[in-house]
Amino acid sequence: MLDNAIATIENLRVEFETKTGKVVGVEDVSFEVKPGETVCIVGESGSGKSVSSLSLMRLIEYGGGDIAGGRLLFDRKDGEEIDLAKTDQSLMRTIRGNEIGMIFQEPMTALNPVFTVGRQLTEGLRLHKKLSREAAEARALELLRQVRIPEPERRLKQYPHELSGGMRQRVVIAMAMACEPRLLIADEPTTALDVTIQAEILALMDRLKRETGTAVMFITHDMAVVAQMADRVVVMFRGNKVEEGTVEEIFENPKHDYTKALLAAVPKLGEMTGTDLPRPMKLFGVEGQALDPIPGEDVPILEVKNLVTRFPVQGGLLRRTVARVHAVEDVSFTVNKGQTLSLVGESGCGKSTVGRSLMRRLWASRDAGNRRWGGR
């Protein structure tokens with residue numbers, strides 16, 4: 001790991017103009033990210049994590065924010081150090097996507113709905129890397145394979161709305177890593193992914209970091225991901241940095257009360273061992289908590305028997321149904337009053353489709369199975 005930082009944030013202050021006056025999004029934040037290092041920024045919603053990253057990309061102005069103070073130093077590929085806070089937007093367009101990549105939390109804000117996945121993946125490669133159309137398409141295909149998207153050749157020709165949320169998130173990750181940037185900003189990059197795909201994506205990002213020396217600024221609320229990915233951790237609370245240290249220091253000896261509360265709020269496997277019923281989580285800093293078990297009642301409030309949900313596939317000149325996608329096949333379960341039933345599984349296994357089928361929110365065939373509601 002090199003001593004010189006790729007990105008340094010010094011005394012950053014970001015303000016938003018509102019009808020009632022200025023609101024401070026980030027008050028006074030300083031930290032740095034070095035080559036080959038992953039710095040995880042953690043904190044609750046509204047703590048300033050995403051505002052800091054959007055400031056570094058100079059995208060905060062498009063969201064109504066203003067960099068009111070501080071410096072954003074960035075070490076470019078040619079060795080020149082510049083202050084991004086004062087850099088012209090025309091130069092930022094060259095830096096964004098090429099030298100600084102960003103994985104956005106919500107993929108539909110990063111993907112253009114009117115262009116195919118292939119066009120959006122190849123655009124940056126042709127602009128920044130000057131690749132030919134054929135070379136850019138080959139690289140795009142390779143990227144989709146790296147992020148484990150099935151049938152990548154077909155996905156290149158599809159539009160974002162034709163992909164699941166998890167697939168769209170993987171496309172955004174592929175776009176961010178396409179030009180092998182010096183700094184990769186990942187804002188909750190695995191939120192929409194199931195745990196198996198999440199593990200593969202995190203391993204892919206870690207490999208990229210080690211092979212290319214890419215610095216990673218990882219924004220997350222998942223402390224398990226922090227434990228796996230971080231070299232250093234920055235804890236933010238109400239627009240300020242309240243603690244910084246190595247991942248070992250933060251997890252083994254947290255200093256700030258807010259950091260302790262974050263770690264205490266993480267559910268641990270095996271906590272309910274030896275109990276017949278689930279218990280409420282103990283909250284940090286709250287005295288006199290009642291942790292009595294939650295029994296519920298063995299009275300069915302919802303019964304699902306042999307649920308089948310299929311989606312028609314239309315084709316031909318007359319758009320007739322030529323096939324059906326079997327989304328849910330012969331699913332049965334019972335939900336009891338006052339109890340919680342968890343549906344778990346990978347993306348695309350049918351969890352959300354079951355829920356939408358119960359609410360009759362799907363344009364699909366539901367001519368098999370039945371659902372019976374009890375009570376109110």
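The values are calculated or read from the model by the stated rules, or taken from the named source; none is laboratory data. On a predicted model such as this, the values are computed, not experimentally measured, just so you know. Positions of Cβ are backbone-derived with ideal geometry, glycine not excepted, and every protein chain shown enters the neighbour counts. Areas reflect the complete protein model, heavy atoms only, side chains present, ligands, DNA and RNA absent. Shrake-Rupley method; radii C 1.70, N 1.55, O 1.52, S 1.80 Å.
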Given [x] 1.14; [y] 1.01; [z] 1.23 as possible values of Cα Rg over 2.2 N^0.38 Å, the one from the coordinates is [x]
Test of understanding: what is the full-extension gain from D276 to H326, defined as 0.36 nm times their sequence separation minus their Cα-Cα distance? 14.3 nm
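Which net charge results when you count Lys and Arg as +1 and Asp and Glu as -1 among the other residues whose beta-carbon is under 15 Å from that of P267?
Residues close to P267 contribute a combined charge of +1.
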So if each residue of separation counts as 0.36 nm, and I subtract the Cα-Cα distance between V24 and K260, what length gain in nm does that give? 82.5 nm
Just to confirm my numbers, what's the Cα centroid distance between segment 110-175 and segment 27-94 in Å? 26
FRET E, pair E162, D66, Förster distance 41 Å, beta-carbon r, rounded to 0.05: 0.60
Cα-based Rg/(2.2 N^0.38 Å) for segment 90-139, rounded to two decimals, is 1.19
Taking H placed 1.01 Å from N in the peptide plane, check which residues at least 5 places from V242 or on another chain put their amide H under 5 Å from its amide H. V235, M236, F237
Relative contact order of segment 1-118, pairs being alpha-carbon contacts under 8 Å that are 6 or more residues apart, as %: 26
Per 0.36 nm of contour for each residue apart, how much would the distance between L302 and E287 grow if the chain were fully extended, relative to their Cα-Cα spacing? 1.7 nm
Mean-square fluctuation maximum in Gaussian network of the chain, Cα pairs under 10 Å, restricted to G239, G270, G64, hits G270
Going from most exposed to least, what order do R182, R145 have by accessible area with a 1.4 Å probe? R145, R182
Computed P(r) (all Cα pairs; segment 24-138; 10 Å bins; percent): 11, 37, 35, 15, 2
Lysines near K49 by alpha-carbon distance under 23 Å, same-chain residues fewer than 8 away left out - which ones? K22, K34, K86, K209, K241, K255, K260
Please report, as a whole percent, how much of the solvent-accessible surface of the chain comes from carbon and sulfur atoms (probe radius 1.4 Å). 50
For segment 12-65, max minus min Cα coordinate along each principal axis, in Å, sorted largest first? 43, 22, 17
Label points 7 Å out from Cα along the Cβ direction at L269 and L91: separation in nm? 4.9
When ligands, DNA and RNA are left out and all protein chains stay put, how many square angstrom of accessible area per residue does the chain have with a 1.4 Å probe? 55
How big is segment 158-239 by the Kirkwood estimate over distinct Cα pairs, in Å? 13.7
Ranked highest first by average number of other Cβ atoms within 10 Å, how do 39-51, 125-137 line up? 39-51, 125-137
The summed charge of the K255 Cβ neighbourhood (under 15 Å; Lys/Arg +1, Asp/Glu -1) stands at -3
Could you pull the Cα extents of segment 223-293 along its three principal axes, largest to smallest, in whole Å? 39, 26, 19
Label-zone membership for segment 73-109, site E10, 7 angstrom Cα→C-beta point, backbone N under 15 Å: 73-75, 81-87
Separation between the E44 and S342 pseudo-spin-labels, each 7 Å from Cα along Cα→Cβ, expressed in nm? 2.3
Under-5 Å amide H pairs with S347, H placed in peptide plane, nonlocal only: D194
Report, by chain and number, residues whose modeled amide H sits under 5 Å from the one on I185, excluding near sequence neighbours (fewer than 5 apart, same chain). G101, M102, I103, M217
Mind listing the phi-derived Karplus ³J(HN,Hα) values for segment 245-261, rounded to whole Hz, using 6.51, -1.76 and 1.60 with θ = phi - 60°, and x for any glycine or proline? x, 5, 4, 5, 5, 5, 7, 8, 8, x, 9, 7, 4, 5, 4, 4, 5
